[in-house]
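Encoded as structure tokens, the structure appears first; notes follow it.
Just so you know, all these numbers are worked out from the coordinates, no wet-lab data involved. Values in this document were obtained by computation on a predicted structure and should not be read as measured data. Heads up, the Cβs are rebuilt from the backbone with ideal geometry, glycines too, and the neighbour counts pull from every protein chain shown.
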Amino acid sequence: MSESILASRRAGLEEAFFARHNEELRQRMLQADAEKFRKDALTAATGIVDDAVLARLMALQIGTGTLAALTLVPMVLVAWADGSISAEERRAILAGAQQAGLQQGGPALELLEAWLHTRPAPALFQAWKDYVAALTHTLTSPERQSLEASVLAQAHKVASATGSFLGLTSPISETENKLLRELAHSFHTA
């Protein structure tokens, strides 16, 4: 009878061990899926495909909303650089917002729409620069370069959206060029 009790308890112990082990594996798989989802969402929001940069952003707990703002604010600022937003610039910004995964009717898209109708206060640019300065201190040089390239590429698309006059002039105004340089400089301030 004692062998039967021992066998029963051994079986119970093994079952508990494997149940716990299976649960740990299941949790690790769920975590891996969640991290992949976050990584994919960050890629969609920014266009960044560099795994090291994405891993660093995830480790810093930077969400898609923050990254959407990180990429959308420069586009809005460049569009307003000449004092008004053209239809082409508006389309470029909205395409960038769609790429960033902003949901129709969501608060982020509503805020962006407000910025497209009313020029944002200068404090927005300062807040963006402050955030970029703090963020770049946490990134390696290649990670910073990748993030900078992604953000500036989107801003450059907006700046060049209006086109040139008969191909004779630059599609990017001097005011927009100045702002693009200032945006780029923000990634290199100490």
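Give the span of the range 97-184's Cα atoms along each principal axis, as three whole-Å numbers ordered largest to smallest.
Result for the range 97-184: principal-axis Cα extents of 44, 36, 25 Å.
Below 8 Å, C-alpha to C-alpha, sequence gap of six or more: please give me the relative contact order for the range 66-157 in percent.
47 percent
Where Lys and Arg each count +1 and Asp and Glu each count -1, what net charge lies around residue 145 among other residues with Cβ under 15 Å from its Cβ?
Details: positive: 56, 144; negative: 50, 51, 143, 148.
Once positives and negatives cancel, what remains is -2.
When we measure straight from the Cα of residue 178, which lysines land under 27 angstrom away, once same-chain ones fewer than 8 places off are left out?
Cross-link targets: 129, 157.
Tell me, in nm to one decimal, what length is gained between residue 133 and residue 40 on full extension, where the rule is 0.36 nm per residue of separation less the Cα-Cα distance?
Working: separation 93, 0.36 × 93 = 33.48 nm, distance 2.48 nm.
This chain segment gains 31.0 nm when fully extended.
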